[in-house]
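Read through the structure below, which is laid out as structure tokens, and then see the notes.
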Amino acid sequence: MASHGSHLSLEFTAGRGHLRVRVLERPGLWLSTVEQDRILGHMRNVVASLGIGDLTYGILSDRSRLDRAIVTLIEDNDSGAPVAFNAMQALDCTLRGAPVEVIHLGLTAVDPKYRGRGVSWILSGFTTFLLFVKNGLQPYWISNVTQVPAVVGMMCEATANVFPCPNGRRTFDHVVLARQIMSRHRDAFGVGDDAVFDSERFVILNSYTGGSDHLKKRWEDAPRHRDASFNAMCERELDYGRGDDFLQLGQVNLLTLWRYVAHFLPREAWSLALSRYAFALTEYAALPVLQWLRPAHAMGDLRARGKRS
């Protein structure tokens with residue numbers, strides 16, 4: 001693991017050494033233009049492999065969004081060909097008078113040839129919880145926009161305080177953040193200006209008009225969740241003919257990290273994932289504390305000033 005300023009730059013192998021994984025936090029701020037173009041090209045190649053047409057929103061249409069992106073890119077270690085990616089976005093919001101960042105889960109895509117080959121655990125939660133560990137185990141908000149019952153259920157199961165969810169509760173914080181996301185950040189997930197947000201149900205009506213058009217699904221084609229309650233909620237609340245989405249908001253905390261490790265992380269990946277989490281916790285939490293406790297060590301403006309005589 002390496003850091004560029006305070007930003008993550010992690011690389012490791014997975015899939016018994018056949019896959020190369022890179023996690024890049026805000027690469028637009030520190031990665032070379034050539035390397036940025038290579039990463040964006042790989043992402044577009046993965047999207048092309050899906051056979052759904054171009055997606056013209058988020059970082060796929062605006063390179064400047066790499067400044068606020070957290071990209072997980074998986075490549076074939078032998079050929080260097082792109083296999084899969086997840087592109088999250090840090091959304092600036094305000095909550096209770098203080099600035100907060102909501103991490104939007106963003107677009108995930110897997111080349112059909114590589115499905116079922118050990119990439120799902122990386123894309124479904126690894127980077128989300130790596131950010132949690134990197135931030136010193138401080139809880140943070142995440143958002144998700146989807147009409148897929150399987151994804152709705154995964155969000156409800158893997159994070160805390162989620163709304164909408166079959167047993168979820170809408171709070172003041174949910175409403176404040178959701179309204180800001182819809183008023184300021186809808187282009188990050190491909191929702192057009194003409195889409196209407198139902199703040200009671202957290203449903204985006206006519207959602208697929210802002211560059212994500214090719215992701216719209218019929219109810220018959222939307223992957224189901226093993227828990228029928230998520231399927232029933234989606235069928236009841238969403239109009240698939242019109243193209244509705246849920247805007248889900250939840251929190252990542254220590255309990256959700258444990259839930260991910262215990263229930264979603266494959267046993268064969270435990271040592272790999274936990275070692276990366278341990279490195280992140282040491283680099284971004286333990287080491288700064290140790291340095292602070294060494295008063296003889298110069299830290300410039302970071303060292304608390306002594307009393308003036």
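Looking at region 130-137, can you tell me whether even one residue there is closer than 30 Å to L205 by Cα and of a type in the set (V, I, T)?
At the first step, the residues of region 130-137 found to be closer than 30 Å to L205 by Cα are none.
There is no residue in region 130-137 that is closer than 30 Å to L205 by Cα and of a type in the set (V, I, T).
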query: Counting only residues that are surrounded by fewer than 16 Cβ atoms within 10 Å (Cβ to Cβ) and at pLDDT 85 or above, which one in region 129-139 is nearest to the chain's Cα centre (by Cα)?
result: P139
task: Would you mention how many residues in region 94-110 are buried (at least 19 other Cβ atoms within 10 Å of the Cβ) and more than 18 Å from F132 (Cβ to Cβ)?
output: 3
- prompt: Residues in region 243-260: is at least one in a helix (DSSP H, G or I) and farther than 19 Å from N144 by Cβ?
  reply: yes
- prompt: Which one of these does G300 not meet: (1) surrounded by fewer than 11 Cβ atoms within 10 Å (Cβ to Cβ); (2) at pLDDT 90 or above?
  reply: (2)
- line: How many residues of region 177-217 are touching a Lys or Arg at 6+ places or on another chain (Cβ under 8 Å) and part of a helix (DSSP H, G or I)? The answer is 1
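The values are calculated or read from the model by the stated rules, or taken from the named source; none is laboratory data. These numbers come from a predicted model, not from an experiment. We place every Cβ from the backbone using ideal geometry, glycine too, and count neighbours over all the protein chains shown.
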